[in-house]
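Novice: My questions will all concern the structure given below.
The values are calculated or read from the model by the stated rules, or taken from the named source; none is laboratory data. As the structure is a prediction and not an experimental result, all values here were calculated from the model. When we count neighbours, we look across all protein chains shown, and the Cβ atoms used for this are built from the backbone with ideal geometry, even at glycine.
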Amino acid sequence: VAAEAPADVGAQPTGSAATFQTLQVTTEDNITTIRLDRPQKKNAITVEMYNELIEALELAGKDDSVITVITGNGDYYCSGNDLNNFTKIPEGGIEKMAKDAGELLRRYVKAYIDFPKPLIAVVNGPAVGVSVTLLGLFDVVYATEKATFHTPFSQLGQSPEGCSSYTFPKMMGAAKASEMLLFNKKLTATQAREQGLVTEVFPDTSFQSEVWARLKAYAKLPRNSLALSKQLIRGMERERLHTVNDQEVERLVERWLSDECMQAIMSFFQAKAKL
Amino acid sequence: VAAEAPADVGAQPTGSAATFQTLQVTTEDNITTIRLDRPQKKNAITVEMYNELIEALELAGKDDSVITVITGNGDYYCSGNDLNNFTKIPEGGIEKMAKDAGELLRRYVKAYIDFPKPLIAVVNGPAVGVSVTLLGLFDVVYATEKATFHTPFSQLGQSPEGCSSYTFPKMMGAAKASEMLLFNKKLTATQAREQGLVTEVFPDTSFQSEVWARLKAYAKLPRNSLALSKQLIRGMERERLHTVNDQEVERLVERWLSDECMQAIMSFFQAKAKL
Amino acid sequence: VAAEAPADVGAQPTGSAATFQTLQVTTEDNITTIRLDRPQKKNAITVEMYNELIEALELAGKDDSVITVITGNGDYYCSGNDLNNFTKIPEGGIEKMAKDAGELLRRYVKAYIDFPKPLIAVVNGPAVGVSVTLLGLFDVVYATEKATFHTPFSQLGQSPEGCSSYTFPKMMGAAKASEMLLFNKKLTATQAREQGLVTEVFPDTSFQSEVWARLKAYAKLPRNSLALSKQLIRGMERERLHTVNDQEVERLVERWLSDECMQAIMSFFQAKAKL
C-alpha cells in the first residue's frame, strides 16, 4: 500500500512541477497544491495558463494525493480571464478567435466537472469572473475575510460560465444568483458564505495556518472513501453539468461576436489606457 | 440603435397603459413597471386582473425595456387570489368554475415561466398566496422591511401553486419550504431573505429611493446580455417548470372541488361576515 | 367523517404499539409518534430496529393520523447504525452480510421516500449517521439547541446514504455539504438551521412544550390538503430519490467489503475495547 501514502515525498515539488510556466504545483502530505503564479498580473488567466491548469488538474486527478487544492500566489486569488486574450486576432479572424476561446473554456470547465477526488479552493484574496463561477464545482471553499467575489459579465456584454447558470441558482436561489450573474453585485467573503458559495471564512491573519492545518487532517482520511463519496455526490449531475457547460460556451461565443460585447471590451481598454 | 434606448419616453405612460382597468403600466428609463392598482382591495387578484397581468407581461416581454418590474399601489404588495372569484357560480356549475379558474391560473403562471427578460419584484408591503409563490420565478426580489410573506394554502384546504412546490424546496430546502407551504408559516422580510425568497430588505423610509436608484442603474446594462443570460439560467429548467405548473393546477382543481376546501372557504366568508 | 378525527383515542397507545421491541408508537390528537426506545444504547439502530421502523412507518402512513413524528427517548435522538450489526458474520460470509445490510438499508430509506403524509423530526439530542442524512427526507425538522449533527462516514471508510448525496448539496450547496459528508464536520443545531437541515431551533428548557403545541395545531389542519400538498412537493423528485438510494446502497456495499472500511471499523472496536 506504499503507493497510497507517499509520505516520504516531503516538501519536494514533484517532477512535473518544473514544466509549468504560470503555475507552481507541489505534492506534500497527500495534498497536491496548484498555485496560480502570475501575482504581478493578479493571476489573470492567459491562454497558456488555461492549458496548464487543464494539464495540472489531469495530473493531480491521477497522482497519489488524497485531496487537491487550488490557490493563488500574491494578493489576488484570480482576476479571471485575461482580456488580452482577445487582443491578438488570429489569421482566421475574430470568428476563429471566438471559436477557439470557447473550445478552450469548454475544456477548462470540463476538467473541473470530471475531477475525480475532493477539490478545495483556498481563496487568498479577490476572485473575479471565471474563478468565481467555477467555485460551484469545488467541494470545499475556504476564504480569507479579505476575499471578494465578483462576476461582472453583463457589464462586459457577456454571459455566465463555469456552470454558474446552474450551480448558483441551485445553491443560493434565483433571487440571489441573478444579482451576481445578471447585475454584477460584488460579494464580501461573509456574504459569499451566507449564500453558500463559500464554506467558511477565516481572519486574514490566521487564514493560512488554520486552513492548512485542516487540510492536512483531511488528507489523512481514507483516500478511496473520499474519492468515491465525491463521485457519488457529483456523479448524479455530471451529465447535466456537461450540458450546461456546452450551452454556456455556445452562448458566450455568440456574445463575444456581438456588437454589445465588442463595444464593452473596447471601452474597458480605453478606460484602462487613460489611467 | 435608437430603438434600444427610448430615453425620450420620459415619465409618460405608454399608449398601452390606458387599456388596463386593474393595473398601471408605464415605461421609463428602459424599465417597464406594472403596478397592481386595486389598493382599496389590498391588490387582491380578480379574474379581470389575472387576464390583464397576462397581457401586460406579454407586452412588456416584447417592448424595448431592459427590465420589467412588478409592484403594488397602496399598502399591500398583493393579497393573493380574490376569493370572490369563487362566489359567482357560472352556468356550467362548480366543476366548470374550477376548471376555468385552473386554466386561468395555468396561463398566468406560464406568463412568468416564459418571461424573456429580467423580472424584478418590488415588494412594497404584505404579500399573500400566489403573489408569494410566484416570487420563485422572479430574477430579483427587493422588499421593504414591512413586507410579510404568507401562503395559507392548507388552512383553506388548498395546495401550492406558482411552481412553489418546486422552487421553494430548491431555494430553501424542504425543511423550511414545508413550514410555509404545508403549515402556513408567515415570514418577515428578514426571514424571507434568509431563506432565499428575497434578495435584499430595505428600511421602509428609504425603500423606494434606494430600490429605484438601483433599478435605473441595472436598466443601463447591455440589454441583450441581460436577456440572454436570464434565458440561459432559466432555460435549463423551463420544461420542468411547465410540468410543475400543470401538476400544481391539476391538483388544485381537484382540491377546489373537495369538501375540505369548500368547507374552508365557506368558513372564511362566514368569519368575514361576522366582522 | 368520524374516521378523520379520532379525538377520543386520547393518550392511549394504539393496538399496534405493543408489537414493537425497540420503539414506542402512539397515536394521539391526530399525531402518530414513533419514539426510538433504546436510550441506554443512545438509540443506535439494530437490525431489529430497522425492521420495526419500516413497519411502523408503513402503519403510520395508513392510519388516521394527520402528521407523523419521529423522536428519541432519552438524551440522544439517534446515534446511527449500531456497528454491532457488523460483528455477527452469517453463514454466507461477509459478502452476504454486506448484501443483506445493503438491502435492509435500501428498504429503510425507501420507507421515508414513499411516506405519504407530513413527516416531522423532533430532534431531542445528538444525531449521528443515517439519522442525520435521512433528515433531508423529512418535511419539518425541529431541534433542541443541545442537538448536534454528525455524519462521520469517511472516517469509517464508508460513504453517504439516506439520499444525502442528493438532498444535502441541494439544500446547502456543495461547499457546505461536502464538509459534512466528506470531511466529517459536526454541526451545532444553529449551524444546521443556517444550512437548511433544521427548520427551527428551540431552547432546551422549552423544547418539548413549544414543539408539541405547534404540532398539535398542525394536526388540526385539513388532512387531505396536507397529504396531497406533501405528495405534490415530493412527487416530482421521488423517482430521482429512489435512484439515488439505489446508487448510495450499491456504493456502500462495495465500501463495506473494502480493506479501508474493515480496517476503520476494527480500529473503532479496538479503541472502544481500551476504554
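Novice: Mind listing just one residue for me: the one in segment A:150-159 that is part of a loop (DSSP other than H, G, I, E, B) and among the hydroxyl-bearing types (Ser, Thr, Tyr) and, of those, farthest from the chain's Cα centre (by Cα)?
Specialist: Step one: of segment A:150-159, the residues part of a loop (DSSP other than H, G, I, E, B) are A:151-153, A:157-159.
Right, trim to among the hydroxyl-bearing types (Ser, Thr, Tyr) and you get A:151, A:159.
Numbers: A:Thr151: 12, A:Ser159: 17 Å.
Per the criteria, the residue is A:Ser159.
Novice: Here's something else I'd like to know. Only one of (1) part of a loop (DSSP other than H, G, I, E, B); (2) closer than 24 Å to A:Gln247 by Cβ is not met by A:Pro90, so which one is it?
Specialist: Tallying (1) part of a loop (DSSP other than H, G, I, E, B); (2) closer than 24 Å to A:Gln247 by Cβ, A:Pro90 fails exactly one: (2).
Matching residues to (1) touching a Leu at 6+ places or on another chain (Cβ under 8 Å); (2) of a type in the set (S, T, N, Q); (3) more than 14 Å from chain C (Cβ to nearest Cβ); (4) in a helix (DSSP H, G or I):
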| position | (1), (2), (3), (4) |
| --- | --- |
| A:Met97 | no, no, yes, yes |
| A:Ala101 | no, no, yes, yes |
| A:Lys110 | no, no, yes, yes |
| A:Lys117 | yes, no, no, no |
| A:Ile120 | yes, no, no, no |
| A:Gly125 | no, no, yes, no |
| A:Leu134 | no, no, no, yes |
| A:Tyr142 | no, no, no, no |
| A:Glu161 | yes, no, yes, no |
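Novice: Also: Report the residue count in segment C:176-204 for those that are of a type in the set (D, E, K, R) and either within 18 Å of C:Glu161 (Cα to Cα) or in contact with a helix residue (DSSP H, G or I) (Cβ under 7 Å, 6 or more places away or on another chain) (or both). Steps first, please.
Specialist: Initial filter on segment C:176-204 (of a type in the set (D, E, K, R)): C:176, C:179, C:185-186, C:193-194, C:200, C:204.
In the following step, the residues that additionally are either within 18 Å of C:Glu161 (Cα to Cα) or in contact with a helix residue (DSSP H, G or I) (Cβ under 7 Å, 6 or more places away or on another chain) (or both) were identified as C:176, C:179, C:185-186, C:200.
Number satisfying all stated conditions: 5.
Novice: Further question on the same structure: Residues in segment B:172-184: is at least one assigned to a helix (DSSP H, G or I), in contact (Cβ under 8 Å) with a residue 24 or more places away in the chain and touching a Gly at 6+ places or on another chain (Cβ under 9 Å)?
Specialist: Within segment B:172-184, one or more residues are assigned to a helix (DSSP H, G or I), in contact (Cβ under 8 Å) with a residue 24 or more places away in the chain and touching a Gly at 6+ places or on another chain (Cβ under 9 Å).
Novice: Return a yes/no flag: does segment B:13-29 have any residue that is in a loop (DSSP other than H, G, I, E, B) and modelled with pLDDT under 95. Reasoning before the result, please.
Specialist: Filtering segment B:13-29 for residues in a loop (DSSP other than H, G, I, E, B) gives B:13-14, B:20-22, B:29.
Going one step further and asking which of them are modelled with pLDDT under 95, we end up with B:13-14.
Yes; the residues of segment B:13-29 include at least one that is in a loop (DSSP other than H, G, I, E, B) and modelled with pLDDT under 95.
Novice: For segment C:139-155, which positions are surrounded by 24 or more Cβ atoms within 10 Å (Cβ to Cβ) and farther than 13 Å from C:Lys185 by Cβ? Before the answer, list the steps.
Specialist: From segment C:139-155, those surrounded by 24 or more Cβ atoms within 10 Å (Cβ to Cβ) are C:139-143, C:147, C:149, C:151, C:153-154; that's our starting set.
Answer for segment C:139-155, where residues must be surrounded by 24 or more Cβ atoms within 10 Å (Cβ to Cβ) and farther than 13 Å from C:Lys185 by Cβ: C:Asp139, C:Val140, C:Val141, C:Tyr142, C:Ala143, C:Ala147.
Novice: Does C:Ser154 satisfy the criteria of being out of contact with any Pro (no Cβ under 9 Å at 6 or more places or on another chain), within 9 Å of another protein chain (Cβ to nearest Cβ) and at pLDDT below 95?
Specialist: Numbers: out of contact with any Pro (no Cβ under 9 Å at 6 or more places or on another chain): no; within 9 Å of another protein chain (Cβ to nearest Cβ): yes; at pLDDT below 95: yes.
Here the answer is no, as C:Ser154 does not meet what is asked.
Novice: Which is under 20 Å from C:Leu215 (Cα atoms) and at pLDDT 95 or above, of C:Arg35, C:Arg106? Write out each step before concluding.
Specialist: Working: C:Arg106 fails: under 20 Å from C:Leu215 (Cα atoms).
Sole residue among the options that is under 20 Å from C:Leu215 (Cα atoms) and at pLDDT 95 or above: C:Arg35.
Novice: Would you check which residues across segment B:223-232 are at the interface with chain A (Cβ under 7 Å from one of its Cβ atoms) and either surrounded by fewer than 22 Cβ atoms within 10 Å (Cβ to Cβ) or touching a residue at least 60 places away in the same chain (Cβ under 8 Å) (or both) and list them? Talk me through it step by step, then tell me what you get.
Specialist: Our first condition is that a residue be at the interface with chain A (Cβ under 7 Å from one of its Cβ atoms); within segment B:223-232, this holds for B:224-226, B:228-230, B:232.
Of everything in segment B:223-232, those that are at the interface with chain A (Cβ under 7 Å from one of its Cβ atoms) and either surrounded by fewer than 22 Cβ atoms within 10 Å (Cβ to Cβ) or touching a residue at least 60 places away in the same chain (Cβ under 8 Å) (or both) turn out to be B:Asn224, B:Leu226, B:Lys230.
Novice: Surrounded by 19 or more Cβ atoms within 10 Å (Cβ to Cβ), out of contact with any Pro (no Cβ under 8 Å at 6 or more places or on another chain) and in a helix (DSSP H, G or I) - does that describe any residue in segment B:64-76?
Specialist: No: segment B:64-76 contains no residue that is surrounded by 19 or more Cβ atoms within 10 Å (Cβ to Cβ), out of contact with any Pro (no Cβ under 8 Å at 6 or more places or on another chain) and in a helix (DSSP H, G or I).
Novice: Quick check on segment A:38-46. Is at least one of its residues among the β-branched types (Val, Ile, Thr), modelled with pLDDT of 95 or more and farther than 27 Å from A:Tyr218 by Cβ? Spell out how you get there, then give the answer.
Specialist: Within segment A:38-46, the first condition is being among the β-branched types (Val, Ile, Thr), and the residues that meet it are A:45-46.
If we keep only those that are modelled with pLDDT of 95 or more too, we end up with A:45-46.
Next cut, farther than 27 Å from A:Tyr218 by Cβ only: A:46.
Within segment A:38-46, one or more residues are among the β-branched types (Val, Ile, Thr), modelled with pLDDT of 95 or more and farther than 27 Å from A:Tyr218 by Cβ.
Novice: Do we have A:Lys220 as surrounded by fewer than 16 Cβ atoms within 10 Å (Cβ to Cβ) and more than 9 Å from chain C (Cβ to nearest Cβ) here? Even if it seems obvious, please write down each step before you answer.
Specialist: Numbers: surrounded by fewer than 16 Cβ atoms within 10 Å (Cβ to Cβ): yes; more than 9 Å from chain C (Cβ to nearest Cβ): yes.
For A:Lys220, the condition - surrounded by fewer than 16 Cβ atoms within 10 Å (Cβ to Cβ) and more than 9 Å from chain C (Cβ to nearest Cβ) - is met.
Novice: Answer with yes or no whether A:Arg214 is basic (Lys, Arg) and either away from chain C (no Cβ under 12 Å) or within 23 Å of B:Ile233 (Cα to Cα) (or both).
Specialist: Details: basic (Lys, Arg): yes; either away from chain C (no Cβ under 12 Å) or within 23 Å of B:Ile233 (Cα to Cα) (or both): no.
For A:Arg214, the condition - basic (Lys, Arg) and either away from chain C (no Cβ under 12 Å) or within 23 Å of B:Ile233 (Cα to Cα) (or both) - is not met.
Novice: Where the second residue is in a helix (DSSP H, G or I) and surrounded by fewer than 21 Cβ atoms within 10 Å (Cβ to Cβ) and the first is of a type in the set (Phe, Trp, Tyr) and lies in segment C:49-74, which pairs have Cβ atoms under 6 Å and are six or more apart or on separate chains?
Specialist: C:Tyr50/C:Leu104
Novice: Sticking with this structure for a sec: Condition first: touching a Lys or Arg at 6+ places or on another chain (Cβ under 9 Å) and not β-branched (Val, Ile, Thr). Now tell me which residues in segment A:63-76 satisfy that.
Specialist: Of everything in segment A:63-76, those that are touching a Lys or Arg at 6+ places or on another chain (Cβ under 9 Å) and not β-branched (Val, Ile, Thr) turn out to be A:Asp64, A:Ser65, A:Gly72, A:Asn73, A:Gly74, A:Asp75, A:Tyr76.
Novice: Given (1) touching a strand residue (DSSP E or B) at 6+ places or on another chain (Cβ under 7 Å); (2) modelled with pLDDT of 95 or more, where does B:Asn81 come up short, assuming only one miss?
Specialist: (2)
Novice: Now for a separate question. Consider segment B:234-251. How many of its residues are facing chain C (nearest Cβ under 9 Å) and crowded, with 19+ Cβ neighbours inside 10 Å?
Specialist: Here is the first cut: in segment B:234-251, the residues facing chain C (nearest Cβ under 9 Å) are B:240, B:243-244, B:247-248, B:251.
Now restrict to residues that are crowded, with 19+ Cβ neighbours inside 10 Å: B:244, B:248, B:251.
Total satisfying the criteria: 3.
Novice: Same structure again: B:Gly196 is checked against (1) under 21 Å from the mean Cα position of the chain (by Cα); (2) assigned to a helix (DSSP H, G or I); (3) within 13 Å of chain A (Cβ to nearest Cβ) and fails just one. What number does that condition carry?
Specialist: (2)
Novice: Does segment B:158-188 hold any residues that are surrounded by fewer than 24 Cβ atoms within 10 Å (Cβ to Cβ) and farther than 28 Å from C:Thr133 by Cα, and which are they?
Specialist: Hit for segment B:158-188 is B:Thr188, nothing else.
Novice: Can you say whether B:Thr167 is in contact with an Asp or Glu (Cβ under 6 Å, 6 or more places away or on another chain), in a helix (DSSP H, G or I) and more than 10 Å from chain C (Cβ to nearest Cβ), as far as the supplied structure shows?
Specialist: On the way: in contact with an Asp or Glu (Cβ under 6 Å, 6 or more places away or on another chain): no; in a helix (DSSP H, G or I): yes; more than 10 Å from chain C (Cβ to nearest Cβ): yes.
Spelling it out, it is not the case that B:Thr167 is in contact with an Asp or Glu (Cβ under 6 Å, 6 or more places away or on another chain), in a helix (DSSP H, G or I) and more than 10 Å from chain C (Cβ to nearest Cβ).
Novice: Criterion first (within 19 Å of B:Gly162 (Cβ to Cβ) and either modelled with pLDDT under 95 or over 22 Å from the mean Cα position of the chain (by Cα) (or both)) does B:Glu237 satisfy it?
Specialist: Working: within 19 Å of B:Gly162 (Cβ to Cβ): yes; either modelled with pLDDT under 95 or over 22 Å from the mean Cα position of the chain (by Cα) (or both): yes.
When the stated conditions are applied, B:Glu237 passes them.
Novice: Which ones in segment B:30-41 are in a loop (DSSP other than H, G, I, E, B) and either free of Cβ contacts under 8 Å to residues at least 60 places away in the same chain or on the phi < 0 side of the Ramachandran plot (or both)? Please lay out each step first, then the result.
Specialist: Of the residues in segment B:30-41, the ones in a loop (DSSP other than H, G, I, E, B) are B:30, B:37-38.
Once the filter is applied, which keeps residues that are in a loop (DSSP other than H, G, I, E, B) and either free of Cβ contacts under 8 Å to residues at least 60 places away in the same chain or on the phi < 0 side of the Ramachandran plot (or both), segment B:30-41 yields B:Asp37, B:Arg38.
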